[in-house]
1. Normalised by the residues of the chain, what does the relative contact order come to in percent, with Cα pairs under 8 Å and at least six apart?
2. Relative to the first principal axis of the alpha-carbon coordinates of the chain, what is the inclination of helix 224-235, with its axis defined by its Cα atoms, in degrees from 0 to 90 and to the nearest 10?
3. Only counting other Cβ atoms within 10 Å, I'd like Trp330, Trp89, Trp303 sorted with the fewest neighbours first.
4. Rounded to the nearest 10 degrees, what's the angle between the helix 161-172 long axis and the longest principal axis of the chain, both from Cα atoms, 0 to 90?
5. Select from region 120-217 those GluC sites (Glu not before Pro) which occupy a DSSP coil region and have at most 11 other Cβ atoms within 10 Å, ordered by residue number.
6. Between rounded, prolate and oblate, where does the chain land on the alpha carbon gyration tensor, with a ≥ b ≥ c its root eigenvalues, rounded for a/c under 1.5, else prolate if a/b exceeds b/c?
7. Of all GluC sites (Glu not before Pro) in region 214-254, which ones are in loop regions per DSSP and have a Cβ with at most 16 other Cβ atoms within 10 Å?
8. Within region 1-81, list the chymotrypsin sites (Phe, Trp or Tyr not before Pro) lying in a DSSP loop whose Cβ has at most 16 other Cβ atoms in a 10 Å radius.
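Every number in this text was worked out from the coordinates using simple rules, so none of it is lab data. The model shown is predicted, which means the values in this text are computed figures rather than measured ones. All Cβ positions, glycine included, derive from the backbone under ideal geometry; neighbour counts span all protein chains shown.
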Amino acid sequence: MVNSKMDGVPKLHEAFKGHFKIGAAVNPRTLTAQRELLAHHFNSVTAENEMKFERLHPAEAQYTFEHADRLTAFAKDRGMGVRGHTLVWHNQTPDWVFENGDGGAASRQTLLARMKSHINTVVSRYKGSIYAWDVVNEAVSDKNGELLRPSKWRDIAGEDFIAKAFEYAHEADPEARLYYNDYNESVPEKREKIYALVKSLKEQGVPVHGIGLQAHWNLERPSVDDIREAIERYASLGMTLQITELDVSVFLHDDRRTDLTAPEEGMLERQAERYERIFRLFKEYAANIDSVTFWGAADDYTWLDNFPVRGRKNWPLLFDAEHNPKPSFWSVMEITRS
Ligand code: HXH
C-alpha cells in the first residue's frame, strides 16, 4: 500500500518480539475499519463477542460460524495467532442451554452433555488455528467469603462444571493451551480465590495450563505492586500467564462525567506514564507472560464507551480514533530500548 499513515511507525509486536505476543480484540466492524492498524501492530487477535456461546450456538440445532471463520481467516492470511474467547461463561449464553423444553431447568446430566457437545464442536472446528482458549470466564465471586459466583452453570451442574469444561476442551484439542480467565484479578482477596481455584484444579489433574488476567484497569488502580503480587502468585503455580483484555480507562473509579468529547489536559500524559509502568512490569515477567491482548485496538471503538457509564466516551488504548499513535504508544515503545 502507498502513502500509508503506518509508514515509518515502528510495529508494536516487533518491539516485543522475544517477550510476548501483542493482541487486540476485534469485532466485525473493527476488523474492516482497523484492518491496516491491526495488521501493522498486532500478531494476535481475539473475538470481542463472536466466539461467545450465544453467537456461535444460538439454538440447540444451530451453529453460526460465519464471523468467527472470517476472523480466523484474517489471522491466518497474515500469520497472526488467535486467542479463543470464551467457552463457558455466565453471560452471553442462551437460555435454551439451561432449560428442559417445558419451562423447567435442565438436569445436570443434560447441561453437561450440552457443554461437552458445544466445546467439542467449537474447539474441534478451530483446532490448530487457536493457540489458547479461555475455557472458563469469570467463575470466581467478587463477594468476600464466597468462592464461586452463583450461576446456572454452578447451580445446575455443580462446582465441578469448571473441571468438566477443561477436560472436554483438552479432549477436543490436546495442543491448545487452556486458560482460566477473570477480572479484578489483581485485587488481593479475589486473587487468592483465583489462586485457590486453579491450584485445586491442578491438584485434581485437570488440564489447565494458564491464567488470563483481564486487566481492565484505570489511571490509578490497581497499583503496580498489586499487579506484581498477582503475577508472582499465579506464576508460583507453574502457570503461564496471559494478559487478556488490557485497557487503561482515563477516568478514575468515581468519575461519572459524560460531557467530555476529548481527553482533558494531562490525561493522555498520565495514561502514557501508567502504560509505561505496566509494560515495564510485563517485560520484567516476560518469562511468565505469553501474550498481552488489548480489549480493542484504537479509540474509535472501545466497549468502555458504554461501560460502566452509558454514553461516556473513553480513550483507553494506544492509538487514537484516527489510528495515530498516542503518547501511550510511544511510552510503551520506549521501554523496549532499555
Ligand atoms: C469482560 N468482562 C468480558 O470477559 C468480555 O467478554 C467482555 O467483552 C468485556 C469485558 C468484564 C466485566 C466483568 C464484570 C462486570 C462488568 C465487566 O460486572 C460489573 C457490573 C457492574 C459494575 C461492575 C462490574
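1. Working: 591 pairs, mean separation 55.3, N = 338.
16 percent.
2. For helix 224-235, the angle is close to 40 degrees.
3. On the way: Trp330 14, Trp89 20, Trp303 17.
If I rank by nearby Cβ atoms, fewest first, I get Trp330, Trp303, Trp89.
4. Rounded to the nearest ten degrees, it is 80.
5. Details: sites: Glu138, Glu146, Glu159, Glu167, Glu171, Glu175, Glu185, Glu189, Glu192, Glu203; in loops: Glu138, Glu146, Glu159, Glu175, Glu185.
For GluC sites (Glu not before Pro) across region 120-217 that sit outside H, G, I, E and B with at most 11 neighbouring Cβ atoms in 10 Å, the list reads Glu146, Glu175.
6. Values: a/c = 1.60, a/b = 1.43, b/c = 1.12.
Because a/c hits 1.5 or more and a/b exceeds b/c, the chain counts as prolate.
7. On the way: sites: Glu220, Glu229, Glu232, Glu245; in loops: Glu220.
Counting only loop positions with at most 16 other Cβ atoms within 10 Å, the GluC sites (Glu not before Pro) in region 214-254 are Glu220.
8. Working: sites: Phe16, Phe20, Phe42, Phe53, Tyr63, Phe65, Phe74; in loops: Phe16, Phe20, Phe42, Tyr63, Phe65.
Those satisfying the criteria are Tyr63.
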